[in-house]
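J.: A single structure is presented below for examination.
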Amino acid sequence: MAATTPPKVVFEHEGVFIHSSPDDSEDQDLISGFLRIVEKDGETLVEYKPLEDADPSNMLCACKDSSSVVEWTQSSEENPHRPVDHQLSYETEWDMINAVSFRRKVHANGDGGSNHVNDQNKRAFSFNVCDLRSVTVKCEGWSYLTFRLKDGTALPAIHFHQGGSTVFLDSLRKSVQINESPDDESVLIVSTYSKAFSQSFENLLDDTNYGFVQKFKKDPYTTTLGGFSKVTNYLFDAFRAPELECQQRPAEEVADVLGELIPGLEINQQEEPGFEVITRLDLGPRPEMQRTGPVTMEEWAKYQDSEGRMTNLPHLKNAIFKGGLCHAVRKEAWKFLLGYFPWNSTHEERKLLQKRKTDEYFRMKLQWKSVSEEQERRNSRLRDYRSLIEKDVNRTDRNNKFYEGLDNPGLILLHDILMTYCMYDFDLGYVQGMSDLLSPILFVMENEVDAFWCFVSFMDEMHENFEEQMQGMKTQLIQLSTLLRLLDLAFWNYLEAQDSGYLYFCFRWLLIRFKRELHFQDVLRLWEVMWTRLPCQNFHLLVCCAILDSEKQKIMDRKYGFNEILKHINELSMKLDIEEILSKSESICMQIKSCKDLPHSVSEILGLNTVSEPSAALETSEYGILESPQTSPRSSHRQDHVVSNGHSHLKETAQNGCKVAFIS
């Protein structure tokens, strides 16, 4: 087991009572105790212990394995601190089955302790805040709280006869998000993302292990958020009691589970008021679009003036969109496409920019390089970031020659850039999946500093995908659903009938921009095409639509259900033709643009309201950049501004009821 750090008590309140019986009988016992919120090894625990059992020689702490509570005995010369019950595996971080437990200490002679526990011990409890589903707040002259865990366990109500419940809830809000239930104002719904969310990426992106049932028994929460092959069976089977194997629960209960996975995601909202009601639209014929060859070094050079400024940007971007770039051009062109180099900068200005950015990079790198082991022992977040990065780096694109083999320099650079990014954006730090976004950029740049700043620019666009609130993923899934309903209402209705209207099977596509769906060289082509911002905003959503359009007939003809749809989409990985997909995506965009009565929400998603002439608007936007984006806040970046407009609209759409219902 990894070394533990002393627990930090962030809240403690004595005089908190448990009533021996739930009724108001006069002869019931009032068990007084203390309530604590404790931070230990990056985890947050809520503990309650009766005062009679609160011997300072015993303290409940969490292991690095946050799933269970272990007891530590008082340190002495003969008996130093040691955990009673080591976990079998350090990797098992989310064993939610044993979320609430108390393990009796082992006697010094090696004999096991008695299984008998008195009534006071039975009243003690401790749980990780990640296990908490809701808190019910009631008042009968004083406030009392009831905790309900995600496995359905309801803990004894704790009564604040001497006050303190408000301070406790305020302290709890520092570790979790608490929202009032729309159905019952006395119930507070708890949402926790950070570690569970990070852990979810690990399983979501690694879909080679199909031992779902065994894994679910050990680790239900992480496995529920796992890869498509793993989530499939759970969403139905989890609702079947062992003795009722054949009885399937209603589809709306499955929707409730998906709502928990991505809180706030509501795709099927057609029964709610406030919709923008539109009859079925005739989009007209879909034009055939042809791809061209990639831009060569000679062609690229023609777009530079004598001082190195890029000229005729609309034509250049259109050429890149239509055919991509030769690999020899990418190292320079990607710096422009990602906003590291301003399009109107000269050779000399770019040299000065690189020098300044090199100094800035190594100052940040020195920050984590100079952290001593002693300092790191007191910085759990940095330790967690380093641990995740080391784990991910060792399995990122290892079949690519740039990263294969032991002690590969590419892996060292990948590690160092990701660690430095933690210093650049410590609030976000590192979340699993980010190594997938960096790998192709480092492969192309073959330079640590250039790769870092290009990655920073890309992360400015992708940032919301990895934030704890998952706002970026919610927004994109809602936008994608809106587009799919417009393009093919019959197919969308079919998916909805199969409980797939959430489009959760597209989660990985959106999260890391198809990185795990395409061959490595095809990823390079897709990304550079998308970075042109042509022919519309959020073009990647039309890429999703194009893939689904190619698969819809097979899905419907074979009458695929929920499980089969997830499995089928998952198995498309490495079987997609990128040029065919790009051609169809462009065709879909042209078809939508030709529609005269386009719904307002669709126009907003694709940026068609404000960009009536895409090339001219892009030229103005590009020439408006006079400084490298990294010198200004994220919100001022051109790339992020485009995306943020779409996001803010979606937030408004979800909150103000500007939704779309299609009527056939």
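J.: Between Ser306 and Asp183, what FRET efficiency follows from the Cβ-Cβ distance if R0 is 60 Å, with the result rounded to 0.05?
T.: 0.30
J.: From the square roots a ≥ b ≥ c of the eigenvalues of the alpha-carbon gyration tensor of segment 487-549, which class results: rounded (a/c under 1.5), prolate (a/b over b/c), or oblate?
T.: Judged from the Cα gyration tensor, segment 487-549 comes out prolate (a/c at least 1.5, a/b above b/c).
J.: Using 0.36 nm per residue, how much length does the chain from Glu571 to His519 gain when fully extended, once their Cα-Cα distance is taken away?
T.: Stretched out fully, the Glu571 to His519 stretch lengthens by 17.3 nm.
J.: Multiply the residue separation of Asp151 and Glu299 by 0.36 nm, subtract the distance between their alpha-carbon atoms, and state the gained length in nm to one decimal.
T.: Difference between extended and current length: 47.1 nm.
J.: If you don't mind, another one. Highest mean first, how do 536-549, 560-573 rank when packing is the count of other Cβ atoms within 10 Å averaged over residues?
T.: 536-549, 560-573
J.: Given labels modelled 7 Å from the Cα in the Cβ direction, how far is it in nm from Lys559 to Gln367?
T.: 5.9
J.: What pairs from Lys150/Lys369; Lys391/Lys575; Lys8/Lys391; Lys174/Lys567 go past 29 Å between their alpha carbons?
T.: In this structure, Lys150/Lys369; Lys174/Lys567 exceed 29 Å between Cα atoms.
J.: Keeping every protein chain present and rolling a 1.4 Å probe, give me the accessible area per residue for segment 330-480 in Å².
T.: Ligands and nucleic acids excluded, the figure is 39 Å² per residue.
J.: In addition: Students sometimes get this wrong: rank His415, His519 by accessible area, probe 1.4 Å, all chains present, largest first.
T.: Descending accessible area places them as His519, His415.
The values are calculated or read from the model by the stated rules, or taken from the named source; none is laboratory data. Just so we're clear, the structure is a prediction, and the values are computed from it rather than from any experiment. Neighbour counts run over all protein chains shown; Cβ positions are idealised from the backbone, glycine included. Side chains are part of the model used for accessible areas, which takes the heavy atoms of the whole protein and leaves out ligands, DNA and RNA. Shrake-Rupley method; radii C 1.70, N 1.55, O 1.52, S 1.80 Å.
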